[in-house]
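The values are calculated or read from the model by the stated rules, or taken from the named source; none is laboratory data. None of these values were measured; they are calculated from a predicted model. Backbone-built Cβ (ideal geometry, glycine too); neighbour counts: all protein chains shown.
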Number of protein chains: 4
Amino acid sequence: MSRGNTRQRIQDVALEMFAERGYEKSSLREIAEQLGVTKAALYYHFKTKEDIVISIVDDLAAKPCAAIVAWAEHQPRTLETKLEVLRRYSGAVSHAARLFRFMQENQAAMRELSIGETMKSHIFTLLDLLRDEDAALADQVRCSSALFTIHATPYTLREIGATSEEKRKAALEVAQELVTRAHQDGEAGTTETAKGAGTRGTPKAAETTGSAA
Amino acid sequence: MSRGNTRQRIQDVALEMFAERGYEKSSLREIAEQLGVTKAALYYHFKTKEDIVISIVDDLAAKPCAAIVAWAEHQPRTLETKLEVLRRYSGAVSHAARLFRFMQENQAAMRELSIGETMKSHIFTLLDLLRDEDAALADQVRCSSALFTIHATPYTLREIGATSEEKRKAALEVAQELVTRAHQDGEAGTTETAKGAGTRGTPKAAETTGSAA
Amino acid sequence: MSRGNTRQRIQDVALEMFAERGYEKSSLREIAEQLGVTKAALYYHFKTKEDIVISIVDDLAAKPCAAIVAWAEHQPRTLETKLEVLRRYSGAVSHAARLFRFMQENQAAMRELSIGETMKSHIFTLLDLLRDEDAALADQVRCSSALFTIHATPYTLREIGATSEEKRKAALEVAQELVTRAHQDGEAGTTETAKGAGTRGTPKAAETTGSAA
Amino acid sequence: MSRGNTRQRIQDVALEMFAERGYEKSSLREIAEQLGVTKAALYYHFKTKEDIVISIVDDLAAKPCAAIVAWAEHQPRTLETKLEVLRRYSGAVSHAARLFRFMQENQAAMRELSIGETMKSHIFTLLDLLRDEDAALADQVRCSSALFTIHATPYTLREIGATSEEKRKAALEVAQELVTRAHQDGEAGTTETAKGAGTRGTPKAAETTGSAA
DNA sequence: AATGAATGAGAGTTCATTCAT
DNA sequence: GATGAATGAACTCTCATTCAT
C-alpha cells in the first residue's frame, strides 16, 4: 500500500503515543493498530520496542546534542560560547519538542533504556560546558536550571496563550540570564568564599519558617 | 514478626522501589517479596496499586503543598510572601526528596493516576501564587523555573560533593532570585510593553545562529 | 476445586505431553487447557516452562541417578558392583519410563536446558563407574551401549507383545552381558594391545563392502 | 557471490544448525542470516522448512538405508548377510554422522515430520533383517542395541581421543558381536524355551537389590 | 535467483486483582 | 492480619509463510 515510508510512520505514531501515554503504557499493539498494520510489521522494521525509541531519540536528540558538544569543544570557554550553546540547544529542543517532553516525563523509563544513559551523558556534557567544575553551588544550580528551563518551558507554559516561538525566546532569555550570572560570579570571586550568596539586589535566602508538613 | 506497622513498611518499600525503578516497572510481587509478605497482604492494607501511591503522595506531597497554599491565601501578595512560599516549598521537598524525585521522573505515569491531577493542580496553584497572570512571558518562565529548580536540584546536583542541606539552600537562593526578578519586573512596567526583554545587565537573547541539527 | 495437588497434576500432564509431542511442541496453553486451568495458574506453581521440566527430571531421574552414584562410590570397583549399578539403573528407568523416553527423544531440547547438563554429567558419571578410563575402545562402546540399552529398550521394543517387566529383564541381561565382557577384557589384557578385537567366537569386523550411498 | 549452488549451501547450513541447536530451535531467519540471504530466498529453493529437512534426510539417510534394505532382500538370511548389513549401515552412518546425530537427538521432532515415519520404517525394516520375529526377548534387544550402538557411538564417545574411524570400527565390532550372539541363539534353541537366559559365562541377571530412589 | 514488506498465529511471561480460608 | 491459589487481560516477541516485484 504505502511505499517505503512505513519506518518513518512507525516512528511518528510511536513518538506521539509515547509522549501522550508514556512509554510503558504504550503497547505495540496500539501503535500497530493506529498504523493499520500488524504487530509483526513493527518487528520487521525494528528489532525491539526499545529499538523504536532509540531510533527516535538518536535522530532527534542525541545527534543534535552531540553536534552542539562537538562544536563547543573547539570554541574558547567564554561567556559568548556558553550563550551560543544555549541558543543551539534551544533550537534543538524546539525542533523536537514532543520528544523532549517525552524524555522529561519518562525519565524513569529512560533510565532503563540504553539510550537513556547516552542522553544523560550528553546532557551532563552540555552542563559541563556551561558551568565551572568548582564554582559555587548556587552557580551550579543556575546552570542546570538554565538547561532545565529550556526543555521544560514548552510544557510548563503550555496553557499560556503565546506562540511556541515566543515561549522559546522567553525560556532562552531566562536561561542565558542564569548562565550569565553564573559566569560573572566565576570571574569575580576566586574561591568558594565570596561567591554564591547573591549580591546585586537579590535578597539573601533568609530561612525563617520553612516547616511545611 | 513486625508489629502493626506493616502499612507503613509497605509505603516505605514501595516508595523506594517506585523511585528506583519507576512506577510501572515496580510490580506488587517485587514489593511483597522484598517485604517478606505475599501480594495478597498488600491488598489487605491498600485497595489497589494506585492506592499505595496515592497514600504516599497524599501524606508527603499533596498535604504539605495544600498547607502552603492555605497559608498563602491569607497573606498579602507581596514579594516577601512569595519568598516564604518558596522557603516552605523547599522545606516540603527536602522532607520527601525521594518522593519528589519519583514524581518528577514519572510524570507520564502520574498523569494517568488520579493523584497526578491533584498534584498538578497544587503545583499550578503554587505557581499562581508566585506569578502574575498577565506578566511578561519571561517572568512566567522565571517563576516556573523557580519551582522546578527547587525540586530538580537534589537530582541534578546528585553527584556533587555537598550536603543536601547545602544544595537545598543553593537551590532556594536561585529560586528566590528568579521570583524576585519576576516580581520587580511586574512592578516596574505596567503592561506587556516594557517588561520581558531583560535589562539590568542581562544580555538580550540575541538569536544569531541557533541551528543545531 | 481440587486441593493442593495441582502442582503434581501439572507435572503429570506436562510429562505426558512432553513425552508425546516433544518439549517445544508442547505449549503451556495446551497443558493448562488439558488441566482445566489457565496458563497463569501454571506460573503460580512454576517459575518458567523450564522449571516444570526441571522439577520432573530432578525428582524422577536426577535424584535416583545421584543416589546410584552415591552408593557406588563407597563400593569396590568390582564386576559385581558394576552389575548392581546396572540393576539399580534399570530400576530407576523402569520407574520413570515415560520420562526417560522423553529425555532420549528430546536430547536436543535437553541440551539447552540447565537440567540437561546435570543429567548428562550424571550419565557420564555412571558410565565412568562401568568403564575403565583407558580400556580398549570397543570396551568403552560396550559400556555405553549397556546404559543405552537399558533406557532405550522400552521404546525400541514397544511393539513387541511382552510385559514391560519382561522387557526390562531382557534389557538388563544384555546390558550386564556387555559390561561383563568389557570388565573381563580389562582384566585379561594389560594395555591397549591384546584388547579390543574380539575373541570368543566373535568374527572380526572384517570391512569388505561398506559403501551405502 | 556464489554460483548456482545455493540449494546445497542451504542444506549444509541447515543441517549444521539443526544438529547444533535442534530442529525447532533453528529458525529460518537464523539459517538465512548465516547464509547471507533472506528468508524468502529459502522459499525459492524449498517449499517449507520441513522440505529442507526432508531433502537432507532423504539423500543422506533414507536412500542409503533403502539401498541396504534392497540389497539385503535378495540375500539369504544368513549371519554373514546380517554382518554385512551392519557394515553397510555403519558406512552410511559415518558418511552422514551429523545427520544421524540430529535424528537421534530430535526424535520427538522427527516424529511430527513425514520423513520421520519414513525413517522409522526404514530402521524397523533393517531391524527385521537382523532379528527373528519370534526370537527370545533378549535377542531382540541385542539386535536393536546393535543398531543403536552404531549410530550413537560417535556421540557417546565424542570426548574420547581417537579418530572417528577407530570409533566406528569399535562400534561396528560390538554391534556385530551382539547380532552374532542373537543369531546363534536363534539357531540353538528352537522356541522361546531354551533361549534368552545367557550361557557362555554371562552371569544370569540376578535381580537382588534394584531399589534406586 | 532473490528481495522487501508484511501477516496470522501463537509462544512464554507478567500483571494487578480476587476470594475463600 | 494475612496466605494460597487462581484468573483474565495484556504484554513483548518470534515463527513459518506469502507475494508482488
Quiz item: When only residues in segment D:13-22 that are assigned to a helix (DSSP H, G or I) and within 15 Å of DNA strand E (Cβ to nearest atom) count, which is farthest from the other protein chains (Cβ to nearest Cβ)?
Solution: D:13
Self-check item: Among residues of segment C:149-165, those that are outside any loop (DSSP other than H, G, I, E, B) and either modelled with pLDDT of 95 or more or more than 8 Å from every other protein chain (Cβ to nearest Cβ) (or both), counted
Solution: 7
Quiz prompt | Single condition residue B:29 does not satisfy, out of (1) more than 8 Å from DNA strand E (Cβ to nearest atom); (2) over 30 Å from residue B:152 (Cβ atoms) | solution = (1)
Quiz item: When you go through C:67, C:62 one by one, which is the residue that is in the same structural domain as residue C:154 (by TED's automatic domain parsing), under 26 Å from residue D:103 (Cα atoms) and surrounded by fewer than 19 Cβ atoms within 10 Å (Cβ to Cβ)?
Solution: C:62
Quiz item: Would it be correct to say that residue A:124 is free of Cβ contacts under 8 Å to residues at least 40 places away in the same chain and in a helix (DSSP H, G or I)?
Solution: yes
Exercise. Tell me, please, whether a residue that is within 12 Å of DNA strand F (Cβ to nearest atom) and out of contact with any Asp or Glu (no Cβ under 6 Å at 6 or more places or on another chain) can be found in segment A:54-72.
Key: yes
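Conditions tested, residue by residue: (1) within 21 Å of residue B:108 (Cβ to Cβ); (2) crowded, with 20+ Cβ neighbours inside 10 Å.
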| position | (1), (2) |
| --- | --- |
| A:87 | no, yes |
| A:123 | yes, no |
| A:127 | no, no |
| A:133 | no, no |
| A:139 | no, yes |
| A:148 | yes, yes |
| A:153 | yes, yes |
| A:163 | no, no |
Quiz item: Say we look at segment A:42-52 and pick out the residues that are loosely packed, with under 14 Cβ neighbours inside 10 Å and not in a helix (DSSP H, G or I); which of these is nearest to DNA strand F (Cβ to nearest atom)?
Solution: A:48
Exercise. Within segment D:51-86, track down each residue that is out of contact with any helix residue (DSSP H, G or I) (no Cβ under 7 Å at 6 or more places or on another chain) and away from chain C (no Cβ under 13 Å).
Key: D:51, D:73, D:74, D:76, D:77
Quiz prompt | Filter result (within 10 Å of chain A (Cβ to nearest Cβ) and modelled with pLDDT of 80 or more) within segment B:180-202 | solution = B:180, B:181, B:182, B:184
Exercise. Among the numbered conditions (1) touching a residue at least 40 places away in the same chain (Cβ under 8 Å); (2) over 22 Å from residue D:153 (Cβ atoms); (3) away from DNA strand F (no atom under 15 Å from the Cβ), tell me where residue D:101 comes up short.
Key: (2)
Practice problem: Collect the residues in segment B:32-48 that are among the β-branched types (Val, Ile, Thr) and near DNA strand E (Cβ under 10 Å from one of its atoms), keeping them in residue-number order. | Solution: B:38, B:48
Quiz prompt | Members of segment B:23-37 that are hydroxyl-bearing (Ser, Thr, Tyr) and free of Cβ contacts under 8 Å to residues at least 60 places away in the same chain | solution = B:26, B:27
Exercise. Might you check whether a residue that is out of contact with any Leu (no Cβ under 8 Å at 6 or more places or on another chain) and within 26 Å of residue B:163 (Cβ to Cβ) occurs anywhere in segment A:91-101?
Key: no
Quiz prompt | Of all residues making up segment A:18-37, the number that are among the hydroxyl-bearing types (Ser, Thr, Tyr) and within 8 Å of DNA strand F (Cβ to nearest atom) | solution = 2
Practice problem: Inspect segment A:23-41 for any residue being surrounded by fewer than 19 Cβ atoms within 10 Å (Cβ to Cβ), in a helix (DSSP H, G or I), acidic (Asp, Glu) and not assigned by TED's automatic domain parsing to the domain that holds residue A:149 and give the result as yes or no. | Solution: yes
